Amino acid sequence: MSGIGWSPCQRKVVRQDDSGSAIVEFVVLALPLMIPIIIYLGAVHENSALKNDLHNLARQSARAFITSPNESYESARLQSIVRIFQTRILQPDGISEIPIVTVECSASPCLTPDAKVKVTASLIRLQNKFSGIFRFMSAPRVQFSASDVQIVDAWR
């Protein structure tokens, strides 16, 4: 038989070693998906920690407010709490904004026995500014707030 053809006996078997392909697939596919998730979870953690800190500020401010000996000490005690909170909690976390504390009373004067005092701590924070090629994007402002209600002692 003469002719041009292909014979199965002439086939060459080439085996490739694919032992590192799983690592390459992981790096190429999984890491680009995981990096945004990690960044998002970090931002969620930072925001929830700030919200928790503001709730603590509201609770401590309300407690300091209702335990004041008289109404002349109320604002000084609140300013002191905010100043301590800012220097010991916010500044070490890199937050330079000053929280705003507001007080609402269910009775007048506020320190009337069995009166409810609601203290709200709020903070308007400018999110991290972008740099590099993303510097044209504006950073949104986010408002955080938390409140706490305390009752003035009945035996005042």
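Derivation of every value follows stated rules applied to the coordinates shown; laboratory data play no part. All values derive from a computational prediction rather than experimental measurement. No Cβ is skipped: glycine too gets one built from the backbone with ideal geometry, and neighbour counts run over all protein chains shown.
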Problem set entry | Residues Arg125, Arg77 arranged by fewest to most Cβ contacts within 10 Å | Arg77, Arg125
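Length gain on complete extension for the stretch Ser72 to Ile98, per 0.36 nm per residue less the alpha carbon to alpha carbon distance?
Once the chain is fully extended between Ser72 and Ile98, it gains 7.0 nm.
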Problem set entry | Footprinting exposure proxy for Ser80, Ser96 (fewest neighbouring C-beta atoms within 10 Å first) | Ser96, Ser80
For this session: Quick one: P(r) of segment 22-151 from all Cα-Cα pairs, 5 Å bins, percents rounded to integers, in order of increasing distance.
Result: 2, 10, 15, 17, 13, 11, 9, 7, 6, 4, 3, 2, 1, 1, 0
Exercise. Gain in length, Arg141 to Ile38, computed as 0.36 nm per residue apart minus the alpha-carbon separation, to one decimal in nm?
Worked result: 34.9 nm
For this session: Among the GluC sites (Glu not before Pro) in segment 70-128, which ones are in a DSSP loop with at most 14 other Cβ atoms within 10 Å of the Cβ? Mind listing them?
Result: Glu97
